[in-house]
Amino acid sequence: MMNQSRDATMTEVLDNLTRAVVVLDADRRVTLLNSAAEGMLQISARQIEGEALTQIFPGVTVLDGAISQALDEGASYAEREIRLSLGADRVITVDCAITPLPAQRLLLEFEPLDRHLRISRENQLIAQNQAIRELIRGLAHEIKNPLGGLRGAAQLLEAELGDEEQREYTRVIINEADRLRTLVNGLLGPETKPDIQPTNLHEVLERVRHLAVAEAPAAIRITRDYDPSIPAIPASADQLIQALLNLVRNAMQALGREGEITLRSRTQRRLTIGGAQHRLVARVDIIDDGPGIPPALQNQIFYPMVTGRAEGSGIGLPIAQTLVNQHGGLIECSSEPGCTMFTVWLPLEEHDG
């Protein structure tokens, strides 16, 4: 009776741990799984108890070497930042501690790092975007003032010139000054705060899709995968259309003449964006099957003027990031050959900021 009570207490303690705990027997079969482990592995203890862990999740075989050493030497081992494949499309990053127990049993403790890594990465993206905007704002002031003087002087000179051929030179100066001013304004992005209203996300996505279909070459397919249960989001529809259209156009330019772009919507519970916790957020994925972003550019794509294409302006992605940031959201990107995905996170409650 006392043993049963002790076991019940131990199970309760383990279930209240935030770290995922798995106990294996001498044959490396699962004998215990706490609640955190059930959440991490997305399986119930009843389903997996008595089964070999590697049979259920073959990706865990990356720990075989450390498990064998722990058993052979009777010593604990720790593996850092291990990528575990838990299914066809699910890979997580964890720290793992392996501790031998009596009777050749093993205690595996997993600390998921994906959330910490994602929060660190997104904070870096937000800080990077804010720093770039402040830098550009200062540079814009220094550039616009002499540009205005240059343009005004060219206009006065043009009025004094009687020769039409000479006036062509002043027009070049005026046109180039206007082009530079437009470029600087584009780098700055929108100056006004978004006009937040309850907005149907799928109406926005459909507007973006129709505009993209009209621009895309015939061999580029634009498909939809929507979650119709997503409620209205607090947003400026016009600014959201601009941000998402910039991302879709970026995907079209990456594809060239043919390929597929998928617009996908989902919801995510309990997500932290820039230090703010949200009970529910909308997720929009824009996925293309193009060649991917070169690894050297992947950490810089939200910098202004950074582009992998000779004809690209390099301002579409920074502007999209700024627009989404103004909604309390964030754009993230992952890319490999055959699959580039821009993920837009948008809170489903109004942003204070």
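Values quoted throughout were computed directly from the atomic coordinates according to the rules given, and no laboratory measurement underlies them. Predicted model only: the values in this text are computed from it and were never measured. Here the Cβ positions follow ideal geometry from the backbone for every residue, glycine too, while neighbour counts run over all protein chains shown.
Annotations
- Dividing the convex hull volume of the alpha-carbon atoms in the range 36-81 by its residue count gives 105 Å³ per residue.
- Packing rank of 23-36, 239-252, 42-55, where each peptide gets the mean count of other beta carbons within 10 Å, highest leading: 239-252, 23-36, 42-55
- Each principal axis of the Cα atoms in the range 197-347 has its own extent, and those three values, largest first, are 40, 31, 24 angstrom.
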